[in-house]
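One structure is given here, and the rest of the page talks about it.
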Amino acid sequence: MNKMNSYIAGAVLMAVMLMSSGGWAEGSLRMSTTTSTENSGLLAVLNPVFEAKYQVKLDVISVGTGKALKIGSQGDVDVVFVHAPAAELAYVASGDFIDRAAVMHNDFVIVGPVSDPASIGSATTAAQALQKIAQAEASFVSRGDDSGTHKKEKLLWEAAKISPSGSWYAEAGQGMGTVLSIANEKQAYALSDRGTQIAMADKLSLKVLFEGDKALFNPYHVMAVNPSNHAGVNYDLATKYIHFVTSAEGQAIIAGFKKDGQQLFYPDAR
């Protein structure tokens with residue numbers, strides 16, 4: 001076990017001890033976030049270190065990014081950690097969120113059956129890959145939940161000049177892990193964030209069939225809920241969490257989070 005892993009393990013143990021003893025000194029921090037941060041396993045490594053550092057409990061609501069943003073705009077959480085830049089900026093402009101900061105990035109990939117019935121492996125752009133899927137009417141499972149992944153998918157279909165519909169196109173209305181499981185069962189294509197795809201790879205027969213287009217870039221940001229709009233939010237703890245995930249300590253944990261030797265996220269804080 002390397003030094004970073006030893007440190008994380010110790011912090012997790014301390015957090016568990018605090019939880020079992022009721023020893024949270026500063027109360028709790030409420031966070032809404034996307035299912036990709038949860039399904040990837042990152043939060044299970046990152047958040048206990050924060051809890052131990054500040055002796056607080058972190059209550060996480062893991063939903064699609066659209067819902068995570070909505071929950072934050074209603075003042076039902078203190079901090080929001082998502083990956084849909086255009087939607088985030090709209091909420092910042094409306095005054096719902098402040099202190100928005102870049103945390104990390106990975107990218108989206110299109111997964112599908114090894115047989116690749118739509119031959120998307122020969123596509124040169126993500127839009128062309130989707131065109132091939134639509135032309136072949138090959139099964140495709142969409143998040144269909146207004147998540148960051150779903151928002152990206154809709155932009156890619158728009159770029160492909162296609163409005164997907166028909167029996168080949170299914171909207172699951174579920175999180176990323178569930179959608180990958182459904183796609184795997186149906187041997188269908190799906191758009192996934194790379195973090196969740198790597199985390200679940202050993203449970204899936206689906207393979208990454210298209211990747212690398214700059215249109216698939218997937219940045220994550222963290223924001224505090226504006227205390228001027230919602231007096232009940234814990235702005236002090238929200239700012240501590242933002243500082244933590246963008247600090248050298250938090251960024252090192254993110255950079256060191258791997259599965260089977262593969263890095264799931266890349267730190268972006270400057």
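The values are calculated or read from the model by the stated rules, or taken from the named source; none is laboratory data. Just so you know, these numbers come straight off a predicted model, no measurement behind them. Reconstructed Cβ throughout: ideal geometry from the backbone, glycine too, with neighbour counts over all protein chains shown. Keep in mind that these areas ignore ligands, DNA and RNA; they rest on the heavy atoms of the full protein, side chains included. Shrake-Rupley method; radii C 1.70, N 1.55, O 1.52, S 1.80 Å.
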TODO: Give the residues of the range 31-57 that are touching a strand residue (DSSP E or B) at 6+ places or on another chain (Cβ under 6 Å) and farther than 20 Å from ALA252 by Cα, sorted by residue number.
DONE: MET31, SER32, THR33, THR34, THR35, VAL56, LYS57
TODO: Just give me the residues in the range 25-44 being not in a helix (DSSP H, G or I) and not hydrophobic (A, V, I, L, M, F, W, C), in sequence order.
DONE: GLU26, GLY27, SER28, ARG30, SER32, THR33, THR34, SER40, GLY41
TODO: Return yes or no: is ILE182 open to solvent by less than 30 Å² (accessible area, probe 1.4 Å), β-branched (Val, Ile, Thr) and assigned to a helix (DSSP H, G or I)?
DONE: no
Open item on the list: of a type in the set (A, V, I, L, M), within 24 Å of the chain's Cα centre (by Cα) and farther than 24 Å from SER73 by Cβ: which single residue out of ALA126, ALA118 fits that description?
Closed with: ALA126
Task: Extreme residue, surrounded by the fewest Cβ atoms within 10 Å (Cβ to Cβ), among residues of the range 233-268 that are under 19 Å from SER36 (Cα atoms) and of a type in the set (A, V, I, L, M) - done: ALA255
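Being part of a loop (DSSP other than H, G, I, E, B) and modelled with pLDDT under 95 is the filter; apply it to the range 192-232 and report the residue that is surrounded by the most Cβ atoms within 10 Å (Cβ to Cβ).
HIS230
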Open item on the list: Of everything in the range 121-155, what is open to solvent by less than 10 Å² (accessible area, probe 1.4 Å), hydrophobic (A, V, I, L, M, F, W, C) and in contact with a helix residue (DSSP H, G or I) (Cβ under 6 Å, 6 or more places away or on another chain)? Give them in sequence order.
Closed with: ALA126, ALA129, LEU130, PHE140, VAL141
Open item on the list: Among the listed residues VAL80, VAL56, identify the single one that is under 19 Å from the mean Cα position of the chain (by Cα) and of a type in the set (A, V, I, L, M).
Closed with: VAL80
